[in-house]
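Worksheet: the structure to be examined is printed underneath.
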Amino acid sequence: MPEIAVLPGDGIGQEIVPEAVAVAQAVTRDRDFIWREYLIGGAAIDATGGALPPETLAACQAADAVLMGAIGGPKWDALPAPQRPELGALLPLRKQLALYANIRPVRMTPALIGASTLKPEVVRGVDLVVIRELTGGLYFGEKGRRSAPRAAYDTLVYTEEEIRRIVRLAFQWARARRWKLCSVDKANVLESSRFWREIAVDTAREFPDVELTHMYVDNAAMQLVRRPEQFDVVVTENMFGDILTDLASMLSGSIGMLATASMNGPKGLYEPAHGSAPDIAGQDAANPLAAILSAAMMLKYSFALTEESERIEKAVAAVLDSGWRTADLAEPGARIIGTREMGAKVREAL
Ligand code: IPM
Ligand code: MG
């Protein structure tokens, strides 16, 4: 029986994940999945002393997919960096599960066009996906401190194979979409970027039907807010992808809508792109839609349940079309509801 490890984590993670699980269970009623919850992040630090307990890691390794909420919060910010939820749990989990490809689709939901801070004519029709390399680059290179003079460093290293596999995956995504791939780098300055570009060009020979372009990351940031509809699939290194996807999330109306998949083959970790939002945690005020849409991605990409996945996406669109909003999406005249009610509305709309 396929097994899903459920990691609610901290803050609003505790509120949004149960809604995502309930929605996914509602569309998979006649199928058997084992859903089991495990501790991660601050919640795990409090209960066990470590942000990624061995039991959680083993369960995630054994599971077919992982559904996560969010981790971290002010309570654990003062811990030494390696013990904090981000560095102590999320990054090792990605690395241990070898989830090298982070898929972040950004689509403008027509009902939310007024919720974006950008002009409707700029964001109308946005439909792109950023494929972010997730287990290499600056996040995982050698890092450290030096004394006399005091200094700190992080290193950006990519092997040929790391670049090739992510670029290849991005080409495959482009083939399933509009045959356009934009590789984002900083080849005018960084040697690692020049190498990235070289490998991207070489890999393109396997995909002569896809149009490959290159863009410097600073220009890409500008183009994403200037004329976002020019992008189809974007592929980039870990840190550039982290920054560009927060920026791109605003093209979908709110970061509260952005679902992500971190994958290696069919195995995946699915989580909303937003954080644990400690300021609104425990108030039934969080937007569960990114978590719900992450569960939809899980059904599609880990279990090939495409129809079920699309039912969830349509239900979310229908609820938004009816004017229901969580506070983060509110426009004048919107009907504001809480986390639980939003989850219930999506289930009704299935
Ligand atoms: C993300 C997050 C993480 C990252 C943090 C929480 C470590 O910002 O998934 O984008 O930087 O990868
Ligand atoms: Mg980020």
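The values are calculated or read from the model by the stated rules, or taken from the named source; none is laboratory data. Because the structure is a prediction, the values reported are computed rather than measured. Don't worry about glycine lacking a Cβ; one is built from the backbone with ideal geometry, like all the others, and counts go over all protein chains shown.
Residue-level check: of (1) closer than 21 Å to Ala349 by Cβ; (2) part of a helix (DSSP H, G or I); (3) of a type outside the set (D, E, K, R), Leu67 misses just (2). Out of the residues in the stretch 223-240 that are farther than 20 Å from Val123 by Cα and buried (at least 22 other Cβ atoms within 10 Å of the Cβ), state the one that is nearest to ligand 1 (Cβ to nearest atom). Result: Asn238.
Scan the stretch 82-101 and tell me whether some residue there is touching a strand residue (DSSP E or B) at 6+ places or on another chain (Cβ under 8 Å) and at pLDDT below 95.
Within the stretch 82-101, the first condition is being touching a strand residue (DSSP E or B) at 6+ places or on another chain (Cβ under 8 Å), and the residues that meet it are 85, 93-94, 97-101.
Now restrict to residues that are at pLDDT below 95: 85.
Yes, the conditions are met somewhere in the stretch 82-101.
Looking at the stretch 37-59, which of its residues are part of a helix (DSSP H, G or I) and away from ligand 1 (no atom under 16 Å from the Cβ)? First the steps, then the outcome.
Of the stretch 37-59, the ones part of a helix (DSSP H, G or I) are 42-48, 54-59.
Across the stretch 37-59, the qualifying residues are Asp46, Ala47, Thr48, Pro54, Glu55, Thr56, Leu57, Ala58, Ala59.
Quick one: in the stretch 293-315, which of the residues that are outside any loop (DSSP other than H, G, I, E, B) and buried (at least 23 other Cβ atoms within 10 Å of the Cβ) is nearest to the chain's Cα centre (by Cα)? So that I can check it myself, show each step before the final result.
So in the stretch 293-315, the residues outside any loop (DSSP other than H, G, I, E, B) come out as 293-301, 306-315.
Then keep just the ones that are buried (at least 23 other Cβ atoms within 10 Å of the Cβ); that gives 293-299, 312.
Details: Leu293: 11, Ser294: 8, Ala295: 12, Ala296: 13, Met297: 10, Met298: 12, Leu299: 15, Ile312: 18 Å.
Filtering first and then ranking leaves Ser294.
Selection over the stretch 198-222 of residues that are in a helix (DSSP H, G or I) and surrounded by 15 or more Cβ atoms within 10 Å (Cβ to Cβ) gives a count of 7.
So, Arg146, is that one away from ligand 1 (no atom under 16 Å from the Cβ) and not hydroxyl-bearing (Ser, Thr, Tyr) or not? For Arg146, the condition - away from ligand 1 (no atom under 16 Å from the Cβ) and not hydroxyl-bearing (Ser, Thr, Tyr) - is met. Counted as qualifying within the stretch 80-190 are the strands (runs of 3 or more DSSP E) with 3 or more residues that are free of Cβ contacts under 8 Å to residues at least 40 places away in the same chain and away from ligand 2 (no atom under 16 Å from the Cβ), namely 143-146, 151-154. For Glu191, the conditions (1) within 16 Å of ligand 1 (Cβ to nearest atom); (2) exposed (fewer than 14 other Cβ atoms within 10 Å of the Cβ) all hold with the exception of (1). Among the candidates Ala89, Ala170, Ala174, the residue that is surrounded by 21 or more Cβ atoms within 10 Å (Cβ to Cβ) and under 27 Å from Ala44 (Cα atoms) is uniquely Ala89.
Which residues, taken from the stretch 156-198, are within 18 Å of Asn264 (Cα to Cα) and either at pLDDT below 95 or of a type in the set (Lys, Arg) (or both)? Those that are within 18 Å of Asn264 (Cα to Cα) and either at pLDDT below 95 or of a type in the set (Lys, Arg) (or both): Arg164, Arg165, Arg168. Residue count for the stretch 242-275 under the criterion of being small (Gly, Ala, Ser) and surrounded by 24 or more Cβ atoms within 10 Å (Cβ to Cβ): the result is 7.
Checking each residue in the stretch 223-237 for being outside any loop (DSSP other than H, G, I, E, B) and under 21 Å from Arg177 (Cα atoms) picks out Gln223, Leu224, Pro228, Glu229, Gln230, Val233, Val234, Val235, Thr236.
Check the stretch 75-84 and report whether any residue there is in the same structural domain as Lys300 (by TED's automatic domain parsing) and crowded, with 23+ Cβ neighbours inside 10 Å.
Pass one, the stretch 75-84, residues in the same structural domain as Lys300 (by TED's automatic domain parsing): 75-84.
Still in the list and also crowded, with 23+ Cβ neighbours inside 10 Å: none.
No: zero hits.
Take the residues of the stretch 246-280 that are in a loop (DSSP other than H, G, I, E, B) and within 16 Å of ligand 1 (Cβ to nearest atom): which is nearest to Val123 (Cα to Cα)? Steps first, please.
Initial filter on the stretch 246-280 (in a loop (DSSP other than H, G, I, E, B)): 253-254, 258, 265-266, 273-280.
Still in the list and also within 16 Å of ligand 1 (Cβ to nearest atom): 254, 258, 273-278.
Numbers: Ser254: 12, Leu258: 15, Ala273: 19, His274: 20, Gly275: 23, Ser276: 26, Ala277: 25, Pro278: 29 Å.
Ranking the qualifying residues of the stretch 246-280, first place goes to Ser254.
Looking at the stretch 34-74 only, could you name the residues that are over 23 Å from the mean Cα position of the chain (by Cα) and either touching a residue at least 40 places away in the same chain (Cβ under 8 Å) or within 16 Å of ligand 2 (Cβ to nearest atom) (or both)? Across the stretch 34-74, the qualifying residue is only Ile45.
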